[in-house]
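Q: Sending over a structure as structure tokens; questions will come in a sec.
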Amino acid sequence: MPKDPDYFRGKTIVITGAASGIGRAAALIFAREGANVLCADINGEGAARAAGEVDEAGGCGESVRVDVTSRRSVEAMVDRAKDRFGRIDFQFNSAGGAIRRSEFLEIDDDLWDRTYGLNVKGVFYCMQAVLPEMLKNGKGVIVNMASMAHKRGGPGVDIHYASAKGSVVTMTLGVAREFAARGIRCLSISPGPVDTPFQSILPPELRERSRDNVPMKRFGRPEEIGEMVLFMCSDACEFMTADTVFISGGGGFR
Ligand SMILES: NC(=O)c1ccc[n+]([C@@H]2O[C@H](COP(=O)([O-])OP(=O)(O)OC[C@H]3O[C@@H](n4cnc5c(N)ncnc54)[C@H](O)[C@@H]3O)[C@@H](O)[C@H]2O)c1
């Protein structure tokens, strides 16, 4: 929660991956606070639906189809937010995923490149596109989606994904420290398993195993991550930058 209850009113956030799961939940939480939300996703219809829900929830929604693996597409997304809302205060880079699960020896070049394209290059392009605007304003917060997987390593299922998320944590740290003195904060979140389509596509035994590994014996809810994004962007969190925050029901390794 912000210290000033009107802190988010009229401020603008760009959210990638906003059509589904954690990105969509965050969009609705910022809408509740009266923010302008650019809902961006490769699923353009889903992004438009989310923008409609933002309007209904008290914010001002706009949507754009973006492929975060394309620099041009990401730049067009940032231009859209500036044209529609005048400035950008926050960016939440939620688009990401494991593409598919694989044992380490079965990971081929295509899976490796696509996973890094989506999770690493995507975040890299999004931050490079928005930073000039935030630097011009002298203020801005970027929140990147990492994963608890970066601490566990993903043995047997997704070392390609876990290592890509490790790169997100490191990029976040570097960007935060490079721009800290110029009004920019940059943070990442490392969730344990969260109940979204990302989990529901897993085979039932893998889903059960990942839930049983959580001491609370349940998946996180997407809103439980979205509220952390709100806090990180708020005036209640102004001395925090560079770090990743684990939200995992007590699970994983630190
Ligand atoms: N759900 C979990 O258990 C969990 C745990 C840790 C981290 N994460 C991370 O959280 C983020 C959100 O995942 P989620 O659980 O909400 O999954 P999700 O599948 O519900 O949402 C991911 C969204 O990203 C979009 N997307 C995929 N490729 C894209 C691209 N190239 N350009 C733009 N958008 C694209 C999808 O269309 C989808 O709407 C991801 O980065 C994921 O790796 C999820």
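Conditions (1) assigned to a loop (DSSP other than H, G, I, E, B); (2) modelled with pLDDT under 95; (3) within 19 Å of A95 (Cβ to Cβ), marked per residue:
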| position | (1), (2), (3) |
| --- | --- |
| L173 | no, no, no |
| S190 | no, no, yes |
| Q199 | no, yes, yes |
| E208 | no, yes, no |
| F239 | yes, no, no |
| A242 | yes, no, no |
| F253 | yes, yes, no |
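Q: Now for a different question. Residues in region 212-222: is at least one touching a helix residue (DSSP H, G or I) at 6+ places or on another chain (Cβ under 6 Å), crowded, with 18+ Cβ neighbours inside 10 Å and not in a loop (DSSP other than H, G, I, E, B)?
A: The answer is yes, given that some residue of region 212-222 is touching a helix residue (DSSP H, G or I) at 6+ places or on another chain (Cβ under 6 Å), crowded, with 18+ Cβ neighbours inside 10 Å and not in a loop (DSSP other than H, G, I, E, B).
Q: Tally time: how many residues in region 27-37 are hydrophobic (A, V, I, L, M, F, W, C) and either assigned to a loop (DSSP other than H, G, I, E, B) or within 9 Å of the ligand (Cβ to nearest atom) (or both)?
A: 1
Q: Answer with yes or no whether S70 is within 15 Å of the ligand (Cβ to nearest atom), closer than 27 Å to M148 by Cα, in contact (Cβ under 8 Å) with a residue 12 or more places away in the chain and surrounded by fewer than 24 Cβ atoms within 10 Å (Cβ to Cβ).
A: On the way: within 15 Å of the ligand (Cβ to nearest atom): yes; closer than 27 Å to M148 by Cα: yes; in contact (Cβ under 8 Å) with a residue 12 or more places away in the chain: yes; surrounded by fewer than 24 Cβ atoms within 10 Å (Cβ to Cβ): yes.
Taking the combined requirement at face value, the residue satisfies it.
Q: Can you tell me which of (1) in contact with a Ser or Thr (Cβ under 7 Å, 6 or more places away or on another chain); (2) modelled with pLDDT of 95 or more; (3) under 28 Å from G251 (Cα atoms) is the one A180 doesn't meet?
A: (3)
Q: Could you tell me which numbered condition D235 fails, if it satisfies all but one of (1) more than 15 Å from the chain's Cα centre (by Cα); (2) assigned to a loop (DSSP other than H, G, I, E, B); (3) within 14 Å of the ligand (Cβ to nearest atom)?
A: (3) is the only condition that D235 fails.
Q: Also, quick follow-up: Report yes if some residue within region 163-182 is without any contact (Cβ under 8 Å) to a residue 40 or more places away in the chain, under 19 Å from D243 (Cβ atoms) and of a type in the set (A, V, I, L, M, F, W, C); otherwise report no.
A: At the first step, the residues of region 163-182 found to be without any contact (Cβ under 8 Å) to a residue 40 or more places away in the chain are 163, 166, 170, 174, 178, 181.
Still in the running and under 19 Å from D243 (Cβ atoms): 166, 170, 174, 178, 181.
Cutting the leftovers down to of a type in the set (A, V, I, L, M, F, W, C) gives us 181.
Looking through region 163-182, at least one residue is without any contact (Cβ under 8 Å) to a residue 40 or more places away in the chain, under 19 Å from D243 (Cβ atoms) and of a type in the set (A, V, I, L, M, F, W, C).
Q: Specify which of the listed residues (G34, G46) is among the small types (G, A, S), modelled with pLDDT of 95 or more and more than 20 Å from L230 (Cα to Cα). Show your work before the answer.
A: Values: G34 fails: more than 20 Å from L230 (Cα to Cα).
Of the residues listed, the single one that is among the small types (G, A, S), modelled with pLDDT of 95 or more and more than 20 Å from L230 (Cα to Cα) is G46.
Q: Pick from region 38-48 the residues that are surrounded by 24 or more Cβ atoms within 10 Å (Cβ to Cβ) and outside any helix (DSSP H, G or I): which of them is farthest from the ligand (Cβ to nearest atom)? Lay out the reasoning, then the answer.
A: Here is the first cut: in region 38-48, the residues surrounded by 24 or more Cβ atoms within 10 Å (Cβ to Cβ) are 38-41, 47.
Subsequent filtering for residues that are outside any helix (DSSP H, G or I) retains 38-41.
Details: L38: 13, C39: 10, A40: 7, D41: 5 Å.
Restricting to residues being surrounded by 24 or more Cβ atoms within 10 Å (Cβ to Cβ) and outside any helix (DSSP H, G or I), the top hit is L38.
Q: Being within 11 Å of the ligand (Cβ to nearest atom) and aliphatic (A, V, I, L, M) is the filter; apply it to region 1-26 and report the residue that is surrounded by the most Cβ atoms within 10 Å (Cβ to Cβ). Talk me through it step by step, then tell me what you get.
A: Keep residues of region 1-26 that are within 11 Å of the ligand (Cβ to nearest atom), which gives 15-26.
Narrowing further to those that are aliphatic (A, V, I, L, M): 15, 18-19, 22, 25-26.
Details: I15: 30, A18: 35, A19: 27, I22: 29, A25: 24, A26: 30.
Here the answer is A18.
Q: Filter region 203-228 down to the residues that are of a type in the set (A, V, I, L, M) and within 11 Å of the ligand (Cβ to nearest atom) and list them by number. Break it down into steps so the answer makes sense when it comes.
A: Looking only at region 203-228, we keep the residues that are of a type in the set (A, V, I, L, M), and these are 206, 214, 216, 225, 228.
V214, I225, listed by residue number.
The values are calculated or read from the model by the stated rules, or taken from the named source; none is laboratory data. This one's a predicted model, so the numbers in the text were calculated from it and none came from an experiment. Backbone-built Cβ (ideal geometry, glycine too); neighbour counts: all protein chains shown.
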